[in-house]
Amino acid sequence: MSYVTFGDLRTAAYCPRKLYYRRLEDDHEPPPEVAAIRELAFRYERSLAAEDAELADEPIAVDPDSYRSRLADARERLERDGRWRELCSPGERAVLATGRDCRGIVHKLLTEPPEPSLISPGRPPDRGVWEPQSVAAVAAAKAVAWEHGRPVETAIVEYPAYGAIRRIRLGTRRKARYRRALRTVRSLDGPPPRTRNRSKCEACSYADRCGVRTRTLRSLLGFD
Ligand code: SF4
């Protein structure tokens with residue numbers, strides 16, 4: 001059986017129909033601005049010490065004070081866990097990890113104990129991580145565990161544009177959502193139903209093709 005990629009799992013957890021369109025178009029390349037945002041995750045210490053003007057030139061999505069303050073909170077938490085230094089300067093980055101079922105790129109691989117970190121270019125939720133990123137992080141942890149022959153029970157998801165770094169534990173519910181996404185990817189055959197959570201469609205690049213009516217400027221102004 002072929003490996004399922006972390007990216008396909010992430011998209012399936014967002015909306016299986018979106019994965020169907022992506023496959024039709026063979027559309028897997030992230031836009032160029034994603035690389036610039038991901039690079040932020042490799043210079044947290046510099047950002048913490050940066051002046052406002054310097055941060056203004058970076059692709060950050062919050063004001064400089066909030067950015068430094070969020071990073072300082074993350075540093076405090078991760079220093080307690082002995083993970084901050086390695087997260088800032090990981091020995092292994094962009095590592096291809098292959099597990100029993102999945103494979104994909106782990107953006108940072110921390111060691112002793114092994115722990116993967118995935119970097120999201122987007123906005124974090126108020127708490128924790130979004131479900132698609134949780135599913136991908138579980139897949140990454142399982143792949144790293146498979147390669148190292150030892151359990152990996154935590155993973156990190158970074159949202160560097162927002163200065164947010166979230167560590168998750170692979171509990172029963174997260175693992176169940178991962179398995180559900182895995183089944184969805186493997187069984188994809190024809191267009192699945194549209195997601196019932198139409199707020200997802202607002203940000204979906206396939207909305208026109210999908211035939212979903214997203215909120216237009218007219219409706220936002222109350223004309224529709
Ligand atoms: S527009 Fe909505 S239903 Fe259609 S693929 Fe995108 S997220 Fe899924």
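Based on this model, can you work out whether Ala176 counts as aliphatic (A, V, I, L, M), in contact (Cβ under 8 Å) with a residue 40 or more places away in the chain and outside any strand (DSSP E or B)? Here the answer is no, as Ala176 does not meet what is asked.
Checked against (1) farther than 22 Å from Ala94 by Cβ; (2) at pLDDT 95 or above; (3) within 16 Å of the ligand (Cβ to nearest atom), Arg180 passes all but a single condition, namely (3).
For Val185, only one of the following conditions fails: (1) within 16 Å of the ligand (Cβ to nearest atom); (2) not in a helix (DSSP H, G or I). What is its number? Just one mismatch for Val185, condition (2). Could you list, in sequence order, all residues of the stretch 47-100 that are hydrophobic (A, V, I, L, M, F, W, C), free of Cβ contacts under 8 Å to residues at least 60 places away in the same chain and out of contact with any Ser or Thr (no Cβ under 7 Å at 6 or more places or on another chain)? Passing the criteria: Leu48, Ala49, Ala50, Ala53, Ala56, Ala72, Trp84, Cys88, Ala94, Val95, Leu96, Ala97. Has the stretch 162-175 got at least one residue that is within 16 Å of the ligand (Cβ to nearest atom), out of contact with any Gly (no Cβ under 7 Å at 6 or more places or on another chain) and not acidic (Asp, Glu)? Scanning the stretch 162-175 turns up no residue that is within 16 Å of the ligand (Cβ to nearest atom), out of contact with any Gly (no Cβ under 7 Å at 6 or more places or on another chain) and not acidic (Asp, Glu). Scanning the stretch 188-218 for residues that are part of a helix (DSSP H, G or I), near the ligand (Cβ under 9 Å from one of its atoms) and not small (Gly, Ala, Ser) turns up Lys200, Cys201, Glu202, Asp208, Arg209, Cys210.
Consider the stretch 158-213 and keep the residues that are of a type in the set (A, V, I, L, M, F, W, C) and closer than 30 Å to Arg83 by Cβ. The one that is surrounded by the most Cβ atoms within 10 Å (Cβ to Cβ) is Ala181.
The values are calculated or read from the model by the stated rules, or taken from the named source; none is laboratory data. Small disclaimer: the values here were computed from a predicted structure and weren't measured. With ideal geometry, Cβ positions are generated from the backbone for all residues, glycine too; neighbour counts draw on all protein chains shown.
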